[in-house]
There are 2 protein chains.
Amino acid sequence: MHKELLEDIGEKELIKRLAEFMPKNQVSDDCAFVKKKNKTLLINTDSLVENIHFNDDTISALDIGWKVVASNVSDLISSGCSKIIGVNIGLVVPSKTDWIWIKDLYTGINLALNHFGGLILGGDCSMGQEKVISMTAIGLQGKIKLRRNSCKPKEIILTTGIHGLSKLGLMIKSKKIFDTDISLTKSLINSSLQQFSRPKLKPNFLKKVLKARPNKSIKMIGCTDSSDGLFQALLDLATESNCKAIIDYTKIPKHKNWPKGHKWDEYYFFGGEDYELVFSLPRKWANNLLFEDKTVTEIGYFLEGDASVSFENCDNKNLFKNKSFSHF
Amino acid sequence: MHKELLEDIGEKELIKRLAEFMPKNQVSDDCAFVKKKNKTLLINTDSLVENIHFNDDTISALDIGWKVVASNVSDLISSGCSKIIGVNIGLVVPSKTDWIWIKDLYTGINLALNHFGGLILGGDCSMGQEKVISMTAIGLQGKIKLRRNSCKPKEIILTTGIHGLSKLGLMIKSKKIFDTDISLTKSLINSSLQQFSRPKLKPNFLKKVLKARPNKSIKMIGCTDSSDGLFQALLDLATESNCKAIIDYTKIPKHKNWPKGHKWDEYYFFGGEDYELVFSLPRKWANNLLFEDKTVTEIGYFLEGDASVSFENCDNKNLFKNKSFSHF
């Protein structure tokens, strides 16, 4: 019989196929939702695999611990989590692993949980050829639901911060870019390494959005995080909400020393692991939020039309041809 | 600096060390407990790793799917779960994996969930060198808590069924024992293969225990499952409850065709993956349950004394020397 290998299917198609085994309301977001009486639980699983998502040459066990929490908690925050309950850890490690590595990993996990909220609830540890940290984070749904499929035409597209830093940090750590590169300032290098090793999240995002809400009847807004890159976040919102994103290239917020050029645009839009929020709001709500929180930036708007992402004022016409971030 | 390798530390010591990163109330059971208003959630993570817990020569993807659910749900049941909410799946697979394998795995997971209760809530899929299925199951705590640390001296020790079958099934599947072995009957072979591939659980255990309860003031009983073997289950109860288990070897329930001899005793007591419940009750409660449910068997009792497991009426004196089940 003809074998259909995973590598030929690709990540997006795989996710689509796996979704057919799940209840229909679970398919559009990373987070799962469980309604219990008047509370909804948010449940998210993200795994980091050695030599795919990390390796010992570029990142310490402490920072891996931080990042596995960040990637899970970011999915909760981008769903509108009001409280992080905790995480369960499924750890797989080779038997030759040094105890210190595991101790540092757990210390990093607790450092991040102390920062973002939540506790280690439990988990298990198994032997295997390569290290895998599979984490499941659980939180409580807040007053409004943030979902990928809830953007609407005419809404303003916003983001909580700048992109590309984590990717640049990885390139420096893996010696594909050298910190002696004349296009890099010390400030940019430091910010990039920091964002790569200890990404910040926006745990107060929901509170700020609620505070800026002009109309309490709106209970759901379109939102995702940029863990797979800004472009992929925009594409996911457009696809799941079935509308057309128009982004003004000149409005996207960059690090003050971010260099110009195709390579730097690629890092910016496709880098991933920056964990900023990308979302849309009606004009008045957006204005309130922009006034209250100067770290939020307006970058475009949605229109009725085919699910797609278009750019205005972008000279680099080749940048967005046939692109989508993929872990595979 | 001296490296302290995981293989030198051992599983039990590792679990003890990892427990220090968790809240103190989480350390004694496999399940984690989260209290939300008047509800308690049970959360359990168990991972199956290729070539450690399974390989393609001995078990199909469909059966792996069933077993990963069984091993997770069994931990929920043995904590007193009244309702299984669902599972999140962290899947790691090589890029050369055939789609059919994944499809069968998910089909097996859904088969088991249809049988035991619960839904696939969500999860993620990553590439890796070897297959890992890390599952987190979530359920609701029922009216009484079943915990490893809640056995008391003078209580009767009981088990829900017979042991050793799953191990024998594995030995046959991996061609270490042949089904032409004259000591094996057809009935024993079939039961063993069935228990290895599609282990049954006791989803109605809590209901039966509640029905037999003579005194509603008791809210907590000592219980665990035999996923790591009957002996390990008894040792865990004795250790966590700090009392002495006395087991009558002649009372333990065996398959009617289970052969005699040291090897067969080893499979019986140390085999693992049978997912029977091992628990203790006050005499009257035990009697009620034994009367109501003929599949439950009394096998011994607890005494005050050092945490330990002793056997009465057992001729095989070498069987329990320096033994404990370990995945490592």
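The table that follows gives values for the structure above.
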| item | result |
| --- | --- |
| Extreme residue, modelled with the highest pLDDT, among residues of region A:279-328 that are within 19 Å of the chain's Cα centre (by Cα), surrounded by fewer than 18 Cβ atoms within 10 Å (Cβ to Cβ) and farther than 17 Å from A:CYS223 by Cα | A:LYS323 |
| Which listed residue, of B:LEU158, B:LEU188, is in a strand (DSSP E or B), modelled with pLDDT of 95 or more, away from chain A (no Cβ under 14 Å) and at negative phi | B:LEU158 |
| Qualifying residue in region A:53-62 (condition: in contact with a His (Cβ under 8 Å, 6 or more places away or on another chain) and under 18 Å from A:GLY108 (Cβ atoms)) | yes |
| Filter result (surrounded by 18 or more Cβ atoms within 10 Å (Cβ to Cβ) and of a type in the set (A, V, I, L, M)) within region A:94-129 | A:ILE102, A:LEU105, A:ILE109, A:ALA112, A:LEU113, A:LEU119, A:ILE120, A:LEU121, A:MET127 |
| Only one of B:SER82, B:SER71, B:SER78, B:SER150 that is in the same structural domain as B:LYS216 (by TED's automatic domain parsing), among the hydroxyl-bearing types (Ser, Thr, Tyr) and more than 16 Å from A:SER134 (Cα to Cα) | B:SER150 |
| The listed residue being in contact with a Phe, Trp or Tyr (Cβ under 9 Å, 6 or more places away or on another chain) and loosely packed, with under 13 Cβ neighbours inside 10 Å, out of A:LYS16, A:LYS3 | A:LYS3 |
| Given (1) crowded, with 22+ Cβ neighbours inside 10 Å; (2) closer than 19 Å to A:ASP56 by Cβ; (3) touching a Ser or Thr at 6+ places or on another chain (Cβ under 8 Å), index of the condition A:ILE172 fails | (1) |
| Selected residue [among the β-branched types (Val, Ile, Thr), more than 22 Å from A:ASN72 (Cβ to Cβ) and in contact (Cβ under 8 Å) with a residue 60 or more places away in the chain] from A:THR224, A:THR185, A:THR180 | A:THR185 |
| For B:GLU130: the one exception among (1) touching a Phe, Trp or Tyr at 6+ places or on another chain (Cβ under 8 Å); (2) within 10 Å of chain A (Cβ to nearest Cβ); (3) of a type outside the set (A, V, I, L, M); (4) part of a loop (DSSP other than H, G, I, E, B) | (1) |
| Residues located in region B:79-104, provided they are in contact with a helix residue (DSSP H, G or I) (Cβ under 8 Å, 6 or more places away or on another chain) and closer than 23 Å to B:PHE205 by Cβ | B:GLY80, B:CYS81, B:SER82, B:ILE84, B:GLY86, B:VAL87 |
| Filtered residues of region B:103-116 (kept if in contact with a strand residue (DSSP E or B) (Cβ under 8 Å, 6 or more places away or on another chain) and either facing chain A (nearest Cβ under 7 Å) or without any contact (Cβ under 8 Å) to a residue 12 or more places away in the chain (or both)) | B:TYR106, B:ASN110 |
| Candidates B:LYS256, B:LYS207, filtered to the one that is surrounded by fewer than 14 Cβ atoms within 10 Å (Cβ to Cβ) and farther than 24 Å from B:ILE172 by Cα | B:LYS207 |
| Odd one out for B:ASP265, checked against (1) more than 30 Å from A:PRO94 (Cα to Cα); (2) not in a helix (DSSP H, G or I) | (2) |
| Exclusive hit being in contact with a Lys or Arg (Cβ under 7 Å, 6 or more places away or on another chain) and either in contact (Cβ under 8 Å) with a residue 40 or more places away in the chain or not aromatic (Phe, Trp, Tyr) (or both), set B:LYS154, B:LYS145, B:LYS131 | B:LYS145 |
| Sole exception among (1) more than 22 Å from the chain's Cα centre (by Cα); (2) in contact (Cβ under 8 Å) with a residue 40 or more places away in the chain for B:LYS260, by number | (2) |
| Considering residues of region A:31-70 that are at pLDDT below 90 and buried (at least 24 other Cβ atoms within 10 Å of the Cβ) only, the residue nearest to the other protein chains (Cβ to nearest Cβ) | A:ALA32 |
| Qualifying residue in region B:191-201 (condition: in a loop (DSSP other than H, G, I, E, B) and touching a Ser or Thr at 6+ places or on another chain (Cβ under 9 Å)) | yes |
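The values are calculated or read from the model by the stated rules, or taken from the named source; none is laboratory data. Please read these numbers as outputs of a predicted model, since none were measured by experiment. Glycine gets a Cβ as well: all are built from the backbone with ideal geometry, and neighbour counts include every protein chain shown.
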